[in-house]
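Step one of this worksheet: look at the structure below.
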Amino acid sequence: MLFKQGQKIQLREMIGQKPWAIREVDVLEDRSDQTLLWYAEGSRFCITEGYLNNPEFANQRWQISQTGHWNMIESQWKHNHVLIVKNLTNFYSVQLFWRACDNRFLGYYVNFELPYRRVCSGFDTLDLDLDIIVHPDMTTELKDEDEYLRAVRGGYINREWTEAIQRSLQSIYSKITGLEYPFDGSLISRVNPLLKEKITS
């Protein structure tokens, strides 16, 4: 089942059968192989309690998840608009960030995660810690590698997932240096006019 353009759905991070985080997103485009999701400033999200106000929480995430006991709190996404580009079978999504106050494009963000699984409410996935920041000048920065390696050593991120990430890295860097989709600027050109319309309307 494909979702309709403009439909509000949930993007859920699942650990076992329990959500760890839930984002409310709008569907811009949905095909059998790729989906484009819009996560606007002010959108609702639910996150595990402690994540927003505890700097060490990210380092404890996998240990907490093993207990099966955590509470969710509701909040609002602030400061940025995000376009999420996901080939459903990939172990990563590419996210484009705009600063909400002036719609300035801030760059790309490669988020390593499980392939999306379609459910009636939207998509289920799981964040795998490692990220790549791609600045507007297309220079790159690997993010959260220490957390990722700790999770690998702890057995929380399994061999299948690590091998998929390693295979993906070469392809991603090749696309970035070659300015290939989705790093070719076409999505920026597609979204910028929509942001301007929202300001003037």
Conditions first: (1) surrounded by 12 or more Cβ atoms within 10 Å (Cβ to Cβ); (2) under 20 Å from Tyr109 (Cα atoms); (3) not aliphatic (A, V, I, L, M). His79 passes all but one, so which condition is the exception?
(1)
Name the single residue, out of those in region 93-126 being touching a Ser or Thr at 6+ places or on another chain (Cβ under 8 Å) and among the charged types (D, E, K, R), that is surrounded by the fewest Cβ atoms within 10 Å (Cβ to Cβ).
Arg117
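Residue-wise test of (1) aromatic (Phe, Trp, Tyr); (2) surrounded by 12 or more Cβ atoms within 10 Å (Cβ to Cβ); (3) outside any strand (DSSP E or B).
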site: Leu128; (1), (2), (3): no, yes, no
site: Ile133; (1), (2), (3): no, yes, no
site: Tyr156; (1), (2), (3): yes, yes, yes
site: Gln166; (1), (2), (3): no, no, yes
site: Pro182; (1), (2), (3): no, yes, yes
site: Leu187; (1), (2), (3): no, yes, yes
site: Pro193; (1), (2), (3): no, no, yes
Top-ranked residue in region 1-49 [being of a type in the set (S, T, N, Q) and surrounded by 14 or more Cβ atoms within 10 Å (Cβ to Cβ); ranked as farthest from Lys78 (Cα to Cα)]:
Gln34
First in region 46-57 and within 13 Å of Trp20 (Cα to Cα) and part of a strand (DSSP E or B), second anywhere and of a type in the set (Gly, Ala, Ser) and at pLDDT 75 or above, Cβ under 7 Å, 6 or more apart:
Cys46/Ala21; Ile47/Ala21; Ile47/Ser75; Thr48/Ala21
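Conditions (1) part of a loop (DSSP other than H, G, I, E, B); (2) more than 24 Å from Leu106 (Cα to Cα), marked per residue:
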site	(1), (2)
Gln10	no, yes
Glu24	no, no
Leu37	no, no
Gly42	yes, no
Thr89	yes, yes
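The values are calculated or read from the model by the stated rules, or taken from the named source; none is laboratory data. Everything quoted here is computed from the prediction, not taken from an experiment. Ideal geometry is used to build each Cβ from the backbone, glycine not excepted, and the neighbour counts take in all protein chains shown.
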